[in-house]
Amino acid sequence: MGHLDHAAYGWLTPVLSYVMACIGSALGLRCTVCALAATTGSSRRNWLLTAASAIGTGIWTMHFVAMLGFNVTGTEIHYNVPLTMLSLLVAVLVVGAGVFAVGYGRARARALFLGGLTTGLGVASMHYLGMAALRLHGSVSYDPLMVGLSVAIAVVAATAALWAALNIKSPVAVALASLVMGVAVSSMHYTGMLAVAVRVVPSEQALSGATAMQFIFPLAVGLGSYLFITSAFVALSPTADERAASASAARHLGRGQAPTPAAQAR
């Protein structure tokens, strides 16, 4: 059996992956809150699409930033590029199904259950598709009990996040909820990694796929930049209450204006 190191760079990758999970969660929660407060169908749809992309890319980035610190003694590690990209697509699409279930569900309890289950299974699917993309000299096996526990954590975490989106409105509460969600998502990842065992078979044959630094690192940096930029945009976007207050002030200002000369002549 090969020796597995989940933090080859020390605390750098666990901390950075946690930060990415928090950013994705905070942005997704904020967008979902804005979607639920939207007054038009197109506005709600756009906010939910942004929430799905934020949560999906945030979780995916968290996973692969953490994987940058994954090392197995006795073998190199490469990644199958199509499978890795598929894991990102699955993350965004299935998380999208979950947030849309909540955003458009009439019965909130039922929508929360279906949305949490769908989103949690999507997060778990992303994780294990990403693991299926691993290419190394040997074979990978999993402890079924730990796999089941990681899936359960993903479902509970997703349900808690959607509950927060439905019930938490203030920015401070959203920020606190995102910190908790970051812990939950990171716990799911490292629980899933504890399920992994690798049997190394030494070989001189070149591995297929790309190394983490050739493929994962640039993509993670790109998605991380997307999250930061989108976070800034969303943070600067006025809330529904702020828009209503602005419209009310404009109406009052309009009523308080003096009549024009033309109006006085009439």
Are there any pairs with C-beta distances below 6 angstrom linking a residue in the range 193-208 that is under 29 Å from Pro14 (Cβ atoms) to a residue that is part of a helix (DSSP H, G or I) and open to solvent by 50 Å² or more (accessible area, probe 1.4 Å), with the two at least 6 apart or on different chains, and if so which? none
If you go through Ser225, Ser186, Ser237, Ser246, the only one that is at pLDDT 85 or above and of a type in the set (Gly, Ala, Ser) is Ser186
Residue check: is Leu86 farther than 16 Å from Val185 by Cβ and either among the charged types (D, E, K, R) or open to solvent by 30 Å² or more (accessible area, probe 1.4 Å) (or both)? yes
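Going by the structure shown, is Leu93 under 15 Å from the mean Cα position of the chain (by Cα), touching a residue at least 24 places away in the same chain (Cβ under 8 Å) and surrounded by fewer than 21 Cβ atoms within 10 Å (Cβ to Cβ)?
Yes.
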Of the residues in the range 203-222, those that are exposed (fewer than 11 other Cβ atoms within 10 Å of the Cβ) and at pLDDT 85 or above come to Gln205, Ala206, Ser208
From the list Val172, Val200, Val183, which one is of a type in the set (A, V, I, L, M), surrounded by fewer than 18 Cβ atoms within 10 Å (Cβ to Cβ) and within 18 Å of the chain's Cα centre (by Cα)? Val183
Condition check: touching a helix residue (DSSP H, G or I) at 6+ places or on another chain (Cβ under 7 Å), at pLDDT 85 or above, closer than 27 Å to Val201 by Cβ and among the β-branched types (Val, Ile, Thr). Does Val81 satisfy that? yes
Please go through the range 98-120 and pick out each residue that is part of a helix (DSSP H, G or I), hydrophobic (A, V, I, L, M, F, W, C) and more than 13 Å from the chain's Cα centre (by Cα). Phe100, Ala101, Val102, Ala109, Ala111, Leu112, Phe113, Leu114, Leu117
From Thr211, Thr230, which residue is farther than 21 Å from His6 by Cβ, among the β-branched types (Val, Ile, Thr) and touching a residue at least 40 places away in the same chain (Cβ under 8 Å)? Thr230
How many residues does the range 25-67 hold that are within 13 Å of the chain's Cα centre (by Cα) and outside any helix (DSSP H, G or I)? 0
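What's the total number of residues in the range 27-50 that are open to solvent by less than 30 Å² (accessible area, probe 1.4 Å), touching a residue at least 60 places away in the same chain (Cβ under 8 Å) and aliphatic (A, V, I, L, M)?
Looking only at that region, the number is 5.
Considering every residue within the range 124-133, establish whether at least one is of a type in the set (A, V, I, L, M, F, W, C), closer than 26 Å to Ala165 by Cα and either open to solvent by 30 Å² or more (accessible area, probe 1.4 Å) or in a helix (DSSP H, G or I) (or both).
So the first thing to find is which residues in the range 124-133 are of a type in the set (A, V, I, L, M, F, W, C), and the list is 124, 126, 129, 131-133.
With the extra rule that they be closer than 26 Å to Ala165 by Cα, the set shrinks to 124, 126.
Cutting the leftovers down to either open to solvent by 30 Å² or more (accessible area, probe 1.4 Å) or in a helix (DSSP H, G or I) (or both) gives us 124, 126.
The answer is yes; a qualifying residue exists.
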When (1) over 16 Å from His127 (Cβ atoms); (2) crowded, with 24+ Cβ neighbours inside 10 Å; (3) among the aromatic types (Phe, Trp, Tyr) are applied to Trp60, the one that fails is (1)
Filtered residues of the range 123-148 (kept if among the polar types (S, T, N, Q) and more than 17 Å from the chain's Cα centre (by Cα)): Ser139, Ser141
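Could you grab me the full set of residues in the range 137-167 that are over 30 Å from Asn80 (Cα atoms) and either open to solvent by 30 Å² or more (accessible area, probe 1.4 Å) or at pLDDT 85 or above (or both)?
If the condition is that a residue be over 30 Å from Asn80 (Cα atoms) and either open to solvent by 30 Å² or more (accessible area, probe 1.4 Å) or at pLDDT 85 or above (or both), then Thr159, Ala160, Trp163, Asn167 are the ones that fit.
The values are calculated or read from the model by the stated rules, or taken from the named source; none is laboratory data. It should be emphasised that the depicted structure is a prediction, and the values quoted were computed from it without experimental measurement. Cβ sites come from the backbone with ideal geometry, for glycine too, and all protein chains shown count toward neighbours. Remember, those area values only see protein heavy atoms, side chains included, never the ligands or the DNA or RNA. Shrake-Rupley method; radii C 1.70, N 1.55, O 1.52, S 1.80 Å.
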